[in-house]
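Working notes for the structure below.
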Amino acid sequence: MIADASDEARKRASELTGNGVPVIADWRDALGRDDLDGVIVALPSALHAEAACAAFARRLHVYVEKPLATSASDAQAVLAAHRAAGTFGTVGFNYRFNPLYRELRAQVRSGAIGNVRVVRTIFSSPRRATTGWRESRGKGGGVLLELGSHHADLIRWLTGAETATIQCLVTGGDDASQCTSVHLGLDSGASAQMLLAFGTIAEDRVEVIGDGGAIHVNRYRSLMPEVRGVDVPGRIDTVKGLWRSLAHLPYLLAKMASPWHEPSHATALDRFVGGTQGVASDGPTLADGLASLRIVLAAEESAASGRTVLLE
C-alpha cells in the first residue's frame, strides 16, 4: 500500500511496483485498512507527528522519517502514542547505518584518537535539492530541520555525549538560501560545530578530533575514515592509507548500486522490518528523534534571541 497526494508520484509508484500494489491519494485512508502491519511515514515533516500518532493508535509498527516532529509537544505526543501502542517504532536517521559512519564511531569509541575534544561537521545541499516544502520552516523544512537534525543525531551517536549549551547564527535571505553555524557545548567537555547550508554545493563531512589524533569522513567521496595522528603524515602513512582503501571497494560497489548512491537507506528499512518481527535493533529510537529535535529547536531559539541556550 502506497499513499501520496501527488498525482505524478502515484503514477511513478504504480510504474515501479507493477504488481497490483494499491496506490491511493490520502494517507488517512491507508491507515483505515485492516491489512497493515507497519507503516513508513515519509510525508512532509509537518505531518510526521499526526501520521505517526494515528498509526500507533492502530497498534501498527512505525518508521518515521526525520525529523520526528516540528515541535517538542508533537514529538512528546508521538512518544506517548508509541508507549501506549507497545509496537516497534524507529526514526529515519539512516546515516547511522552507513558503513563509513559505523566505522568512524567504532574508531572513536575504541579510543583510537584519545579523548574527543572537537567535532566539526559540514552538511550542505544545492538549491535544486531543497525545493517545495523543504524550503519552508513553516511547512516543516528549513536548513536546521532538514540537515541539522541528521548531524545533531550523529554527534550524539558518535560521541555518546549530550548537548549542554547551544549558540546559533543564521545568515542568508529566505529559508532556501540560509547558511547556519551551530556551536554545541557537550556535557563531556568537548565542543561541536555544525555548518549547514542550502543553495550551495552537495557536501557532507564529519571530523572528530581528539588529544591523540583525528578521524575524517566525507560521505560523498570517502571509501573509509581517514585517521591522522598528531604529527604530519609521511609518505609511508600515505601509501598505507591508499592500500587500506582497496579493502573497502565492496562499499564503493554497494554505494554505486544504491538509490541516490546511499546504501544506508536500504539497511535502515531492513532493520525496521526486523524490528517489526521482534529482532533486536541497534537503530535510532523515537527518543533519539526527540533528542535531535530538542537541539534543533534550541538552535532556532538561539538564532532568534542572539543568546546561548542551555539544555537541561
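Overview of results
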quantity	calculated
Residue count, the stretch 13-34 (criterion: more than 20 Å from residue 81 (Cα to Cα), without any contact (Cβ under 8 Å) to a residue 12 or more places away in the chain and loosely packed, with under 14 Cβ neighbours inside 10 Å)	5
Residue count for the stretch 211-222, restricted to those that are buried (at least 19 other Cβ atoms within 10 Å of the Cβ) and farther than 30 Å from residue 178 by Cα	0
Selection count where residues are outside any strand (DSSP E or B) and either among the aliphatic types (A, V, I, L, M) or at pLDDT below 95 (or both), scope the stretch 113-131	7
Subset of the stretch 132-154 that is buried (at least 17 other Cβ atoms within 10 Å of the Cβ) and at positive phi - its residue that is modelled with the lowest pLDDT	140
Some residue of the stretch 276-283 being touching a His at 6+ places or on another chain (Cβ under 7 Å) and outside the structural domain of residue 169 (by TED's automatic domain parsing)	yes
Residue that is surrounded by the fewest Cβ atoms within 10 Å (Cβ to Cβ) [pool: residues in the stretch 86-102 that are polar (S, T, N, Q) and in contact with a Phe, Trp or Tyr (Cβ under 8 Å, 6 or more places away or on another chain)]	87
Residue match in the stretch 292-312 (condition: modelled with pLDDT under 90 and surrounded by 12 or more Cβ atoms within 10 Å (Cβ to Cβ))	no
Top-ranked residue of the stretch 159-210 - restricted to ones that are hydrophobic (A, V, I, L, M, F, W, C) and outside any strand (DSSP E or B), ranked as modelled with the lowest pLDDT	176
Flag for residue 8 being without any contact (Cβ under 8 Å) to a residue 60 or more places away in the chain and surrounded by 14 or more Cβ atoms within 10 Å (Cβ to Cβ)	no
Tally, over the stretch 274-291, of residues that are surrounded by fewer than 16 Cβ atoms within 10 Å (Cβ to Cβ), assigned to a helix (DSSP H, G or I) and hydrophobic (A, V, I, L, M, F, W, C)	1
Test: residue in the stretch 113-130 that is more than 18 Å from the chain's Cα centre (by Cα) and free of Cβ contacts under 8 Å to residues at least 12 places away in the same chain	yes
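The values are calculated or read from the model by the stated rules, or taken from the named source; none is laboratory data. None of the values given here were measured: they were computed from a predicted structure. Ideal geometry is used to build each Cβ from the backbone, glycine not excepted, and the neighbour counts take in all protein chains shown.
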